[in-house]
Amino acid sequence: MTVLHNVRILDPDSPTSSAAPVDVEFSDTITAIRPAAGPDPSSAATVLPGLIDTHVHLKSRDALLMGFPTESGVTGPDDAERFLDWRTDNGVDLIKIIIEDPDATETPALDIPTLQAIVDGARKRGLLTVAHAVTTASFDRGLDAGVDVLTHIPFDRPLSEATISRIVESGTLVSPTLVMMRAIADTRLGEHADAAMELAIGNVSALLDGGATIVAGTDANETPFAPVPHGPSLHSELGYLVQAGMTGAEAIRAATSAAADAFGLSDRGRIVEGARTDLIVVDGDPLTDLSVVSSPAEVVVGGRRLV
């Protein structure tokens, strides 16, 4: 067993930096949390759960990147079951759906009956549905279909009050990937990039004001079109979420317990006995200075001390 001595635990669900120091004993899971044997509040570091990025792309098929094989296309509602059987046979945990605005793309967009057939079939199989949606119209189409998670955030126009209300009332989650929206804006929009990004952040702010649940995601990838680096980009995303109106504590929760809850990861996102040992140890108080999370004193992944 390994022990972290004299640390304060940051609870993402009711964050505080004034908890009494504890010792955390762990192997691959957390085996015990007990009062510090030699408490020294003046030097106690803060430990928080490992961060979860809810939207990433890996580089190769060997690393689980699906690509776009022929089987991934759905021709209509009657083809949804074939597609879902194919994905289920491959052991997926969720269904990703590309939802486009038919008036804003040259690629044929799935119609609402087809989207609904995919969502309904996934739900019957106990699978979450996650929708790629980058415009306000595609957000509405995702809501019409009943998807569980909308990824990205529109920067074509402000989200309407009606759309925001539907998101809140349906409990649909949003992973806005603001770092990716910045990369797309810089690549495609030239001198209009800053205005588009301001609109995107404004849409996240409106969702927060309306009571929507936002989780942290980056769309990290290694494509030449709009690369977003794995790892550091999540810290940038947390900064954008704070810019949109989250407190530091809320941003941390969006990348820990809220993200874990969103995807049914019951063994992580919180520091409790029995949880997987994914930990970040920082000097300083992340609730008053979120930047300390990006330069940790120690990182533990699955019980292995990496830093």
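Numbers at a glance
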item	result
Complete set of residues in region 213-235 that are within 15 Å of residue 178 (Cβ to Cβ) and either within 13 Å of the chain's Cα centre (by Cα) or surrounded by fewer than 16 Cβ atoms within 10 Å (Cβ to Cβ) (or both)	214, 215, 216, 217, 218, 219, 220, 229, 232, 233, 234, 235
Only listed residue being under 15 Å from residue 52 (Cα atoms), not aromatic (Phe, Trp, Tyr) and not assigned by TED's automatic domain parsing to the domain that holds residue 164, chosen from 277, 177	277
Residue list for region 175-201, restricted to those being in contact with a strand residue (DSSP E or B) (Cβ under 7 Å, 6 or more places away or on another chain) and either under 16 Å from residue 242 (Cβ atoms) or among the hydroxyl-bearing types (Ser, Thr, Tyr) (or both)	175, 176, 177, 179
Residue check, residue 140 among the charged types (D, E, K, R), farther than 21 Å from residue 259 by Cβ, in contact with a helix residue (DSSP H, G or I) (Cβ under 7 Å, 6 or more places away or on another chain) and assigned to a loop (DSSP other than H, G, I, E, B)	no
Condition check for residue 129: in contact (Cβ under 8 Å) with a residue 40 or more places away in the chain, buried (at least 17 other Cβ atoms within 10 Å of the Cβ) and hydroxyl-bearing (Ser, Thr, Tyr)	no
Yes/no for residue 117 being in contact with a strand residue (DSSP E or B) (Cβ under 7 Å, 6 or more places away or on another chain) and either outside any helix (DSSP H, G or I) or within 21 Å of residue 85 (Cα to Cα) (or both)	no
Cross-chain or 6+ apart pairs with Cβ under 7 Å, region 187-199 first and over 23 Å from residue 223 (Cα atoms) and in the same structural domain as residue 154 (by TED's automatic domain parsing), then outside any helix (DSSP H, G or I) and of a type in the set (Ser, Thr, Tyr)	none
Any hit, region 197-209, residues being in a helix (DSSP H, G or I) and in contact with a Phe, Trp or Tyr (Cβ under 6 Å, 6 or more places away or on another chain)	yes
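The values are calculated or read from the model by the stated rules, or taken from the named source; none is laboratory data. Everything quoted here is computed from the prediction, not taken from an experiment. Cβ coordinates were reconstructed from backbone atoms using ideal geometry, including for glycine residues, and neighbour counts include every protein chain displayed.
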